[in-house]
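Note sheet for the following structure.
Derivation of every value follows stated rules applied to the coordinates shown; laboratory data play no part. What you are looking at is a predicted structure, and each value in this text was computed from that prediction instead of being measured. When we count neighbours, we look across all protein chains shown, and the Cβ atoms used for this are built from the backbone with ideal geometry, even at glycine.
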Amino acid sequence: MDQAPGSPQGPDDQGPRHAQSPPGCYRHPDRETGIRCARCERPICPECMVNASVGFQCPECARGDSGTGHPPAATRPRTIAGGTITADPRLITKLLIGINLAVFLVQMSVGDRFTNRFELIGQAYVPQLGGVEGIAQGQYYRLLTAMFLHGSYIHILFNMLSLWWIGGPLEAALGRARYLTLYFVSGLAGSALTYLLAAPNQPSLGASGAIFGLLGATAVLLRRLNYDLRPLIALLVINLIITFSPGFNIAWQAHIGGLVAGVITGYAMVHAPREHRALVQYGTCALVLVVVVVLTLLRTAQLT
């Protein structure tokens, strides 16, 4: 019960209470409010109100109990794809960049022997390793490890800048788990298409397949939010022109495979119905990975 300083105590003394202004929010004392937490009865302003089954709750009570019969996580703010909003929305992007840079430093330190061991190659005799190497020889890990290798300083610089510019906002929009899943699904799809279509003795490496997947998912997201797609389309066209230009020696299969997988997975991420969101999102990712496995096994059967 709020009392004006110096006023007499007691339930029948109503005059001074009616004369004073509404109390201030317990977190923002300068904001007057007539709303109180349904559980602890502390005054709360609109910024601090959390919807409950009856009335509103303050943030502390909402964290302890959602007030709706559901666990507190059920009422946490969510991204458009259903991911949890976090304090650092670029954490996974930073970690991916850090891993790529660390692997590149190992490449520069160890030399070609390390790169030849982990780059994407279908089937070829590798003198540095003293034998026939490749995915067709059962080295399926190359589909994944090639995503973290780069051929030059310019190569990794361009890819990491693209990952930061495109990946950071997309991670914030999707949430960490969905963003990381999208990254690996797109990268593996690019690797699988490269393995299927490229010459078996043609090595390939780089994060470009995964980054093109992020680019495709970003286009789907911007379309979902009714944003202007023209700048992104211009960027995509420029990248595709560079991809198919003969002088750049780029594995176009990785770019196209990643882009297609990114569009498909991104569409499932942002358009999945709320009632079956996780099932649709991760089910689509699983289907794309099934295609990756089928393409990989098909090419292996051709080469062996």
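Would you mind counting up the charge near A146? Only other residues with Cβ under 14 Å from its Cβ, with Lys and Arg at +1 and Asp and Glu at -1. Don't skip to the end; give the middle numbers.
Numbers: positive: R117, R142; negative: E119, E133.
Charge balance in the 14 Å sphere: 0.
Specify whether the C-alpha gyration tensor of segment 106-160 places it in the rounded, prolate or oblate class, a ≥ b ≥ c being the square roots of the eigenvalues: rounded for a/c under 1.5, otherwise prolate if a/b is larger than b/c and oblate if not.
Values: a/c = 2.66, a/b = 1.58, b/c = 1.69.
Oblate.
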request  = Name the most mobile residue of G98, G258, G82, meaning the one with the largest mean-square fluctuation, in a Gaussian network model of the chain with Cα contacts below 10 Å.
outcome  = G98
remark   = Candidate cut points under chymotrypsin sites (Phe, Trp or Tyr not before Pro) in segment 76-152, DSSP loop plus at most 13 other Cβ atoms within 10 Å of their own Cβ, are Y141
ask   = By how many degrees, 0 to 90 and rounded to 10, does the Cα axis of helix 208-224 deviate from the longest principal axis of the chain?
value = 40
request  = Name the residue, out of I166, I156, I241, whose mean-square fluctuation peaks in a Gaussian network model built on the chain with Cα pairs under 10 Å.
outcome  = I241
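How high is the FRET efficiency from D30 to L91, r the C-beta distance, R0 45 Å, rounded to 0.05? Working shown, then result.
Values: r = 34 Å, r/R0 = 0.75.
Result of the calculation: an efficiency of 0.85.
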remark   = Given unit charges at Cβ for Lys, Arg (+) and Asp, Glu (-), the dipole magnitude of the chain about its Cα centre in debye, nearest 20, is 540
task = Can you figure out the FRET efficiency of T304 with N116, using R₀ = 22 Å and their beta-carbon distance, to the nearest 0.05?
result = 0.60
key: Entry for Rg and Dmax of the Cα atoms in Å (calculated from the structure that is shown) out of [x] 20.7, 76; [y] 27.3, 97; [z] 18.3, 58   = [y]
task = Sort out for me the Cα centre separation of segment 139-210 from segment 286-304, rounded to whole Å.
result = 18
ask   = For the charge dipole of segment 138-294, defined by +1 on Lys and Arg C-beta atoms and -1 on Asp and Glu C-beta atoms about the Cα centroid, which residue among S152, L180, G209 has the Cα displaced farthest towards the positive pole?
value = L180
key: Positive dipole terminus of the chain, leading residue within A286, G138, V263 (C-beta point charges)   = G138
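What is the local net charge at C48, summed over the other residues whose Cβ is closer than 14 Å to its Cβ (Lys, Arg +1; Asp, Glu -1)? Could you put the intermediate results ahead of the total?
Working: positive: R27, R31, R36, R39, R42, R63; negative: D30, E32, E41, E47, E60.
Around C48, the charge tally is +1.
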inquiry  = Name the residue from V126, Y227, S162 whose Cα lies farthest towards the positive end of the charge dipole of the chain, charges +1 on Cβ of Lys and Arg and -1 on Cβ of Asp and Glu.
reply    = V126
